[in-house]
Structure formats: C-alpha cells, structure tokens
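Please treat every number below as a calculation from the coordinates, not as lab data. Keep in mind it's a predicted model, so treat the numbers as computed, not measured. Positions of Cβ are generated from backbone atoms using ideal geometry, with glycine treated the same way; all protein chains shown enter the neighbour counts.
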C-alpha cells in the first residue's frame, strides 16, 4: 500500500531509473513486499518442501522481522535525506544483521540435507544470491554514507540488482515452481535436465557476469542476453505445463501464474530490446513487467498458502470446526483480486504513454495490496475466533 502512495506522490518520475523516486519505489517493492513474502514463505515451506527443521521459528522470525522493518524504513528515509549519513549506518546495521543472519541459518540448514530435491537445491542457491546481494548492498550504503570510497560503485550496483532480481527473486520462484506447479495443478513434471541444471546454471551465469563487469564488459553483455533467453524459455515451458494439467478447472491462482510467466517473457523481451535501443522508456517497461512477474507469482502462492495454513494449524490443534480453505479465502475473492492486479499493472505500463494514468495506477496499487491485507486480517480473525469458540475432537476414550 505504501508503494501505491509512493506512485501517487512521485508520479511519472518513477520511470527514471536513476531518480530517488525510482530507487525508493524499487526498495519498497523488493524489500518491503518481496523479501517479506518470500522469507515468510520460506519459514513455512522449508520444513515441508526441503525437510529442514528451523528451531524456534516464531522467535527467529521476530528476530528478523523487527530489525528488518526498522532497517527498511531507515533506508527509505536515507534515500530521500542523503545528507543524514547516520540513516545509512542504521539501515546497514539493521538490515545487514537481520537478513544476513537468517540467510546464513537457512543456507546452513539446507546444506546439511543428505539428499536434495531440485526445489531444496534451488532454494539454497537463491539464498546464496540473497546473501551476496546483501553484502553488495552494504558496499553501496557504505559508499553513499562516506564510509567507503565507492570506486567500483556502478559495477557493484549492477551486480546488486542482478543478484536481487535474477538471483534471489527469480531463482526462488523457479525453485518453488519445480514442486508446486506439479503438486498444485497436477501437471507433468519439468524435464529432469532442467530441474537438475537450471538453477545452478543461472547462479554461475550471475557470478560470471559480476566478474565480467570489471574485466570484460562485452562478455557481461553476452551473459545478459543468455540470461534473458533462459528466463524466456523457462516461462514458456511453465505456461505449456499449465496447459497440460489434469484438473480442468482454472482458479485464480492459475491465472496469476499465467500472468507472472507472461510478464517474465515480456520483461526479458523488453530487456533484450533495451540493449539495442537504450531508451529509458524501454527499460522502464522491462522493470514494470518484472514487477508484474514477481507479484503475480507471490499472489498465486499467497492464495494457496494462507487458506491451507489456517486450516492445517487449527486442524492440528484438534478443532473439528476448523474452517475449510474456501471459507478462509473464497475463490471468487481471489479472482476479483486478479482483475484488480491486472488492471494495476496494465495501467502502470500505459502510464508511460499517457502520463495522467499514473494516478489511477497508484490508486489501483493501493487497492490491490489493501485487498491482500484484508484477506490476511480476515484469516487471522477467523483463526482466533475458531480458537476461542471452536469445538475440539473429544480424545477421551472410554
């Protein structure tokens, strides 16, 4: 919702990638939205998908959440008030400690698994990318605050974005898709050579790009092209798999996945086009489409995970009156949100041509995340109501 407010406040200046408004909005979305959703999902999914046991998960999540939120707020203020160097120091400390610590814990636990699935291996590689982007981010904040000389600022900034967007976000989504596309939608599995080599191959390409940025810029450019083609291929294959599902009914989450994969293809096509036509508008189209990719998949997972967890935990506590998944979030509610989200992304894209539409785009963004917020609040209230008034199974025998 803050992202929508930022769009209304900054308006069309967000399309200039080097502006304070674009950097602020980017970090609202990547830190405030994507990192929050993804870390929350990992706390729940690592035990299920990877068999990783995180001890004291509630306590550890608070250790991450509190400094993470405060650090994100400090960083956003630091972008707008660069003369106040202590804001960069505070943001660096809070975000560095909270995010690096949980990344290291999760990587260590995943590394100790005896037998990896493609999803667990991909999650570990995504978390390695996450740790690297945090370390690179610390160099950038130290440079902006004057603590570091910043002689390689532009190369590190490019590497930071690459590990963030193409490593952390895209790698994690790909890793999860290997399992959930087949499991949720009853599709044929991805080809074994793709599940075995795609995620490590992407991470190797990202590392190669970082090395080439300083040593051989032309080679880094070639890696960018290869990465774009890889992501286009993955998205096209996922769209094809969704046409092969054995359950004919299409709920809203399938449409979110389709929108996400279509947006990824569009983003990569615009990215390739920007290499030969480096206009700022084309780059902005690529960034907006990538945002659509990330958010669409996150929303698809949200509408599967939240109803299931609400039912699962209440059922595990013995409540036979636990609400069914469709009672937590009705499928029609998710479908309405899909159309709001689609309208927000299309309006944002068209705002590049018709500037006044940016106000509608910001309003729709607030509505989209407000819709999600209400679903979370509703699920939470339903959970608490069941605990207070629900009936449990009678375990007394005889």
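Projected onto its three principal axes, the C-alpha set of the stretch 108-157 covers 45, 17, 11 Å, listed from the longest axis down.
Determine, from the Cβ-Cβ distance of residue 214 and residue 108 and an R0 of 45 Å, the FRET efficiency 1/(1 + (r/R0)^6), rounded to the nearest 0.05. For R0 = 45 Å, the calculated efficiency reads 0.90. Percent of Cα pairs in the stretch 265-398 per distance bin of 5 Å, from zero to the largest separation: 2, 10, 15, 15, 13, 11, 9, 7, 6, 5, 3, 2, 1, 1, 0, 0.
Sorting 258-265, 199-206 by average packing, meaning the other beta carbons within 10 Å per residue, from highest down gives 258-265, 199-206. Between the stretch 334-355 and the stretch 241-266, what's the alpha-carbon centroid distance in Å? Between the Cα centre of the stretch 334-355 and that of the stretch 241-266, the gap is 18 Å. When both the stretch 18-53 and the stretch 93-141 are represented by their alpha-carbon centers, they are found 12 Å apart.
In terms of the Cα gyration tensor, with a ≥ b ≥ c the square roots of its eigenvalues, is the stretch 10-89 rounded because a/c is under 1.5, prolate because a/b exceeds b/c, or oblate? Can you show the working numbers first?
On the way: a/c = 4.38, a/b = 1.93, b/c = 2.26.
It is oblate, given that a/c is not under 1.5 and a/b is not larger than b/c.
Extension gain for residue 116-residue 192 works out to 26.0 nm (0.36 nm per residue, less the C-alpha to C-alpha distance). Cβ crowding within 10 Å, taken as a proxy for footprinting-reagent exposure, orders 341, 221 from fewest neighbours to most as 221, 341.
Ordering 141, 187 by the number of other Cβ atoms within 10 Å of each residue's own Cβ, fewest first, gives 187, 141.
Scoring 322-328, 109-115, 290-296 by mean Cβ neighbours within 10 Å over their residues and listing the highest first yields 290-296, 322-328, 109-115.
Look at 351, 143 and count the other Cβ atoms within 10 Å of each Cβ; fewest to most, that gives 143, 351. Helix-only arithmetic for the chain: the sum of -39500 (n - 2.57) across DSSP H runs with n ≥ 4, divided by the residue total, places the mean residue ellipticity at 222 nm at -26000 deg cm²/dmol. Going 7 Å from the Cα of residue 269 in the Cα-to-Cβ direction, what parts of the stretch 201-227 have a backbone nitrogen less than 20 Å from that spot? Only 224-227 pass the distance filter. Between residue 236 and residue 101, the distance separating the two model label sites (each 7 Å from Cα on the Cα→Cβ line) works out to 4.6 nm.
For the listed peptides 54-67, 159-172, a ranking on the average number of other beta carbons within 10 Å per residue, highest first, reads 159-172, 54-67.
If R0 is 25 Å, what FRET efficiency do you get for residue 9 and residue 374 from their C-beta distance, rounded to 0.05?
Working: r = 23 Å, r/R0 = 0.93.
Efficiency for this residue pair is about 0.60.
In nm, what is the difference between 0.36 nm times the number of residues separating residue 327 and residue 312 and their Cα-Cα distance?
Length difference between fully extended and current span is 4.1 nm.
Summarised in one figure, the compactness ratio Rg/Rh of the chain, Cα atoms and Kirkwood Rh, is 0.96.
Tell me whether the stretch 185-286 comes out rounded, prolate or oblate; compute the Cα gyration tensor, take square roots of the eigenvalues as a ≥ b ≥ c, and use a/c under 1.5 as the rounded threshold. List each step's numbers first, then the result.
Details: a/c = 3.69, a/b = 1.62, b/c = 2.28.
Since a/c reaches 1.5 but b/c is at least a/b, the shape of the stretch 185-286 is classed as oblate.
Pull out a ≥ b ≥ c, the square roots of the eigenvalues of the alpha-carbon gyration tensor of the stretch 204-342, then state rounded if a/c is under 1.5, prolate if not and a/b is larger than b/c, and oblate in the remaining case.
Prolate, since a/c reaches 1.5 and a/b exceeds b/c.
For the stretch 82-222, the calculated P(r) over all alpha carbon pairs, in 10 Å bins from 0 to the bin holding the longest distance, is 12, 34, 31, 17, 5, 1 percent.
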